[in-house]
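The values are calculated or read from the model by the stated rules, or taken from the named source; none is laboratory data. Computed from a prediction, not measured in an experiment: that's the story for all the values here. Please note: Cβ atoms are built from the backbone with ideal geometry, for glycine as well, and neighbour counts cover all protein chains shown. Ligands, DNA and RNA are excluded from the accessible area calculation, which covers all protein heavy atoms including side chains. Shrake-Rupley method; radii C 1.70, N 1.55, O 1.52, S 1.80 Å.
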Amino acid sequence: KQEVTQIPAALSVPEGENLVLNCSFTDSAIYNLQWFRQDPGKGLTSLLLIQSSQREQTSGRLNASLDKSSGRSTLYIAASQPGDSATYLCAPRGTGNQFYFGTGTSLTVIP
Amino acid sequence: NAGVTQTPKFQVLKTGQSMTLQCAQDMNHEYMSWYRQDPGMGLRLIHYSVGAGITDQGEVPNGYNVSRSTTEDFPLRLLSAAPSQTSVYFCASSPLGGGIWDTGELFFGEGSRLTVL
């Protein structure tokens, strides 16, 4: 069974700082990996999706990288803003159509 | 497109009552799934389906039933609610993947918050 670990579990940074969220997974046989954002009491919003053949994806201030062979993905957030405060989850998709979720990193950006 | 729609958003049940959480998607996705989210536990897969007439169990299926009679709908039934089923439930859908234009992206509904007294 795929195990997904996200470190750190919680992170608090001052506004404007660049930051990196980490995701590791135990089975490298994945189809893709998604990063999601979840605001308190809300659903999950997809941020970035990286296919297994790709190394990274960028959307605005967000950049996600994937090293499938080592079972790692990172989400880089540039110039953080208070509106970035949320929980961030990564989810590798197995080749058998199973999605696996980490418990997330809770980010607080302090104005 | 409405995406993934879940109803109801909130529900309070008494122990032993039954109910159905509804999920519908308008993206013609083959894959649909139900998760529950509990504090400190992350998202856990309850049941999933890869097409009409096909369902399978996830990590925590006990106490829940599903069916998939159409591509669009994937209801989750609680036959006899228990306090341990108090949780937030999410429905999600995705293409199966493998096509040229198909990224296999997973889309979530807004969630249904269930309290069992």
Original post:
Does at least one position in region B:11-29 carry a residue that is open to solvent by 20 Å² or more (accessible area, probe 1.4 Å), within 14 Å of chain A (Cβ to nearest Cβ) and under 20 Å from A:LEU33 (Cα atoms)?
Top reply: no
Subject >> Complete set of residues in region A:52-86 that are closer than 19 Å to A:LYS42 by Cβ, in contact with an Asp or Glu (Cβ under 8 Å, 6 or more places away or on another chain) and in a strand (DSSP E or B) >> reply: A:ILE77, A:ALA86
Original post:
Picking from A:PHE101, A:PHE36, which residue would you name as being in contact with a Leu (Cβ under 6 Å, 6 or more places away or on another chain), within 25 Å of B:ARG44 (Cβ to Cβ), within 10 Å of chain B (Cβ to nearest Cβ) and assigned to a strand (DSSP E or B)?
Top reply: A:PHE36
Original post:
In the list B:LEU45, B:LEU96, B:LEU79, which residue meets the criterion of being at pLDDT below 95 and touching a Pro at 6+ places or on another chain (Cβ under 9 Å)?
Top reply: B:LEU45
Original post:
Within the bounds of region A:60-75, is there any residue that is free of Cβ contacts under 8 Å to residues at least 40 places away in the same chain, within 14 Å of chain B (Cβ to nearest Cβ), more than 13 Å from the chain's Cα centre (by Cα) and surrounded by fewer than 19 Cβ atoms within 10 Å (Cβ to Cβ)?
Top reply: no
Original post:
Can you tell me how many residues in region A:5-33 are more than 11 Å from the chain's Cα centre (by Cα), within 11 Å of another protein chain (Cβ to nearest Cβ) and under 21 Å from B:SER94 (Cα atoms)?
Top reply: 3
Original post:
Wholly within chain B, which strands (runs of 3 or more DSSP E) include no fewer than the required count, namely at least 3 residues that are of a type outside the set (Lys, Arg)?
Top reply: B:4-7, B:10-13, B:19-25, B:31-38, B:42-51, B:54-57, B:64-66, B:87-94, B:112-116
